[in-house]
Protein chains: 4
Amino acid sequence: MSARGTSISSFSSVATELIALARWCHERGWTPATSGNFSARLGDETLAITASGRPKGALVLSDIVVVNTDGRLTGPSAGRPSAETALHCQLYRRSGDVGAVAHTHSRAATVLSRRCAQEGYVTLAGYEVAKALSGVTTHDDTVLLPVFVNTQDIGKLAEDVEAFMSAHPPVHGYLIAGHGLYTWGADIVDTSRHIEALEFMLDCALLEGSIS
Amino acid sequence: MSARGTSISSFSSVATELIALARWCHERGWTPATSGNFSARLGDETLAITASGRPKGALVLSDIVVVNTDGRLTGPSAGRPSAETALHCQLYRRSGDVGAVAHTHSRAATVLSRRCAQEGYVTLAGYEVAKALSGVTTHDDTVLLPVFVNTQDIGKLAEDVEAFMSAHPPVHGYLIAGHGLYTWGADIVDTSRHIEALEFMLDCALLEGSIS
Amino acid sequence: MSARGTSISSFSSVATELIALARWCHERGWTPATSGNFSARLGDETLAITASGRPKGALVLSDIVVVNTDGRLTGPSAGRPSAETALHCQLYRRSGDVGAVAHTHSRAATVLSRRCAQEGYVTLAGYEVAKALSGVTTHDDTVLLPVFVNTQDIGKLAEDVEAFMSAHPPVHGYLIAGHGLYTWGADIVDTSRHIEALEFMLDCALLEGSIS
Amino acid sequence: MSARGTSISSFSSVATELIALARWCHERGWTPATSGNFSARLGDETLAITASGRPKGALVLSDIVVVNTDGRLTGPSAGRPSAETALHCQLYRRSGDVGAVAHTHSRAATVLSRRCAQEGYVTLAGYEVAKALSGVTTHDDTVLLPVFVNTQDIGKLAEDVEAFMSAHPPVHGYLIAGHGLYTWGADIVDTSRHIEALEFMLDCALLEGSIS
């Protein structure tokens, strides 16, 4: 996906991919009741993102809107951008390597993020599937997901995430307590794989009961 | 959905939506073995409701019947209205804002309602997805679902629900022990979203084991 | 389904229904790895039954064979009748009211039947969905499923079932330890509903952990 | 499947079967995030195997490559063979009776293999479905799956498996800790059945909590 020379045709292609990703997540129970949101970079300073309040299993092209990396609509639009757009923008602004961002809202992520909210992180260690995360080459790598306290002040939450990421080594995603998972990648394909790997490990951790 | 000027075409459209909702619930395992029932308001004093004893994954138009808000058929019909019609009517009579009612019968609702029958309610607190319920704007809102003791005397059960609702703040749904969930909304779309959000939170509560 | 005047066309119709039932069970994970078997009465002394060793999610007409109620093929056949045919025959011989028999092999039935093998029965009490069983009119009825010790001697197992049924009040099904559920009904539709209701209650009992 | 006279048409047919098997496993959640790999014998010393890093739910013909039983590509190829090709080759070289090999990566296999890594094996006893494994004729047979410590040194892992298999009675599969299941059979149909039976028993063992 080129970050330059964005045109209407690239919007249409990116939006179609986002719709397919959202449907795939919804079929797995990861975006109940209009929850979840998905975006992809269109250019240096623009992104396509799911509109607020739409059912993720049945999106259409008009449910994808275009915003600048500061979260403002770039033109007239049928829908408002997701209420959590600021969390997507924080990641796109932070690194030009981020080409897509996904927020899923699974049972495992909800339960484990609540359980580990006080501790502040979920640790996933010794899973072969961790190698599906970009840059991970061995199951010996430990995947640490920070857990942020939930709030309706999304601007504040974006600042908390930015502060954490500036002070710590790179992470592959984070959790918001009682709310779900954020993850990202170089493009939509990488991001899908990251969702699938992280949700798998969260399911295993829940089955193991090893995270107290 | 207009509550006025109901015509044959609006029945057909509403019935088609109810059939789709019932199939969607059945695919998720929420209406096993002909359990579950679904209705939507056609006019001030009429509603369309699923007939008794039909498999919810394979309904056809003749499986949807029309009754008054006192539960009597408005005309000749191929089927009897659901045995639990009185529970639907109680809600439509209580408030003109109720446009649709659903009763699902999931594993989580069955197990948790049995577990909490003596206590009399299930409390769902701190879940972001609670915001999918109409009128809820923050995860800080606690969702309380009263649990009624099961009985085959549906008239008595409807009176118990009416008495509870008259004496307490508004609720988004209720449980019947060993029997499942009732929820409602302004229309079928809202009601579907309420089912999905409540069933998600019940699943999480079951996974958490936090409800003793 | 008439038990008289069986013809080639009725075989074809019954076999098609059995194939659909088997596929439906396989999609739910209830007949893994060629397990499970299904039959329906064709006449007073004949039945159609799934052949041995076929994958239940992909049966074709030649995977359904016709046997007498003593388990012998009534004519040339592409397949051998299920190894557990004697368990089906015991039920058809015992009562002319039995029009179809199903054996599913779910995770819940496997785990609970092992857990309760020594006690000798699984008790399902207070479930509204019990009303889906023919003859049950209230959730107050307790559903008792006897559990038989597993054996490869199917003739012996059929005798054990016959002896139990002669000495006890009627049951709606039984379990074989580590092996699964047998249930039956007046026809294939009733039997499907019984499977769905019993598997639902077994899932709930497993989630409740109430069966020690 | 003939092991002699391999031609382009037999490759195409075998590859199509492998693609279907991989999709079937992915739909069940057994190959998340490009994990899992599948192969089938084409001739005495050649096999078709899934390429590295492809999503198992959406393989195409060019995602299947041909290697010798020492793991080297037999000709020009669009993809690299699976990183775990050596584990497949060990089995094909060990016995001419092995016609297909599958590696799944399910939640149950991941969790149980971690739990039993120190003990060194998972024991599955008293399950009727064990009879779906070639050569098993009674539920009284105990199925023992050795558990190998995970490593990124696949050559070393293949040697460990070979050493184990030379020193012990035949097994129907093995686990790698935090990584999943390997199983095999005379052909793809047998291997599919072995996957389904073993994954079923692992699910039951996890539900039973009987493996400490």
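The values are calculated or read from the model by the stated rules, or taken from the named source; none is laboratory data. Since the structure is predicted, the reported quantities are computational estimates derived from the model, not experimental observations. Positions of Cβ are backbone-derived with ideal geometry, glycine not excepted, and every protein chain shown enters the neighbour counts. All accessible areas refer to the heavy atoms of the entire protein, side chains included, with ligands and DNA or RNA removed. Shrake-Rupley method; radii C 1.70, N 1.55, O 1.52, S 1.80 Å.
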Taking the range D:26-158 and dividing mean pair separation by its residue count, relative contact order in percent (alpha carbons under 8 Å, at least six apart): 22
With respect to the cross-link table entries A:Lys56/B:Lys131; A:Lys131/D:Lys56; A:Lys56/B:Lys56; B:Lys56/C:Lys131, which display a Cα-Cα separation exceeding 20 Å? A:Lys56/B:Lys56
Quick note, the protein assembly as shown: a/c under 1.5 would make it rounded; otherwise a/b > b/c is prolate and the rest oblate (a ≥ b ≥ c, C-alpha gyration tensor); here it is oblate
Highest to lowest packing among D:194-207, B:152-165, D:128-141, scored as the average C-beta count within 10 Å: D:194-207, D:128-141, B:152-165
Using a simple spin-label model with points 7 Å from Cα along the Cα→Cβ vector, what separation in nm is obtained for C:Thr151 and A:Leu207? 3.5
As a test of the formula, what do you get for chain D when each DSSP H run with n ≥ 4 contributes -39,500 (n - 2.57) and the sum is divided by the residue count, at 222 nm and rounded to the nearest 500 deg cm²/dmol? -11500 deg cm²/dmol
Please give the helix A:154-167 orientation as an angle from the longest Cα principal axis of chain A, in degrees from 0 to 90, rounded to the nearest 10. 60
Please report the buried accessible area for the interface of A with B, total over both chains, probe 1.4 Å, in Å² to the nearest 100. 1600
Let me confirm one metric for peptide D:106-118, namely the mean number of other chain beta-carbon atoms within 10 Å of its residues' beta-carbons. 3
If I fit a long axis through the Cα atoms of helix B:8-27 and take the longest principal axis of the Cα atoms of chain B, what angle between them do I get, 0 to 90°, rounded to 10? 40
Can you give me the accessible area per residue for the range A:53-157, using a 1.4 Å probe, in Å²? 41
Cβ-vector label at 7 Å, B:Asp187, separations to other copies in nm: 3.9, 3.9, 5.6
For the Cα atoms of chain B, what angle does the longest principal axis make with the long axis of helix B:85-94, in degrees from 0 to 90, nearest 10? 80
So if we plug the beta-carbon distance of A:Thr138 and D:His168 into 1/(1 + (r/R0)^6) with R0 = 41 Å, what FRET efficiency do we get, rounded to 0.05? 0.90
Hey, rough spin-label estimate for B:Thr16 and D:Val60, points 7 angstrom out along Cα→Cβ, what's it come to in nanometres? 3.6
Mean-position separation - Cα centroids, the range C:185-206 and the range A:149-212, in angstrom: 40
Along Cα-to-Cβ, 7 Å out, sits the label point; list in nm, shortest first, how far the one on A:Glu45 is from those in the other copies. 6.4, 6.4, 9.0
Can you figure out the FRET efficiency of A:Arg93 with D:Asn68, using R₀ = 56 Å and their beta-carbon distance, to the nearest 0.05? 0.65
Per-residue average of other protein chain Cβ atoms inside 10 Å, peptide A:196-208 -> 5
Report, in whole Å, the centroid distance computed from the Cα atoms of the range B:62-109 and the range D:79-126. 53
Hits among aspartates and glutamates - C-alpha to C-alpha of D:Lys156 under 13 Å, sequence gap 8 or more where chains match: D:Glu84
What average number of partner chain Cβ atoms lie no more than 10 Å from the Cβ of the residues making up D:47-60? 1
Can you find, among A:Phe148, A:Leu133, B:Ala205, the residue farthest towards the positive end of the dipole of the protein assembly as shown? Put +1 on the C-beta of Lys and Arg, -1 on that of Asp and Glu. A:Leu133
7 Å along Cα→Cβ for the label point: how many nanometres lie between B:Thr137 and each equivalent label in the other copies, listed shortest first? 5.2, 5.2, 7.4
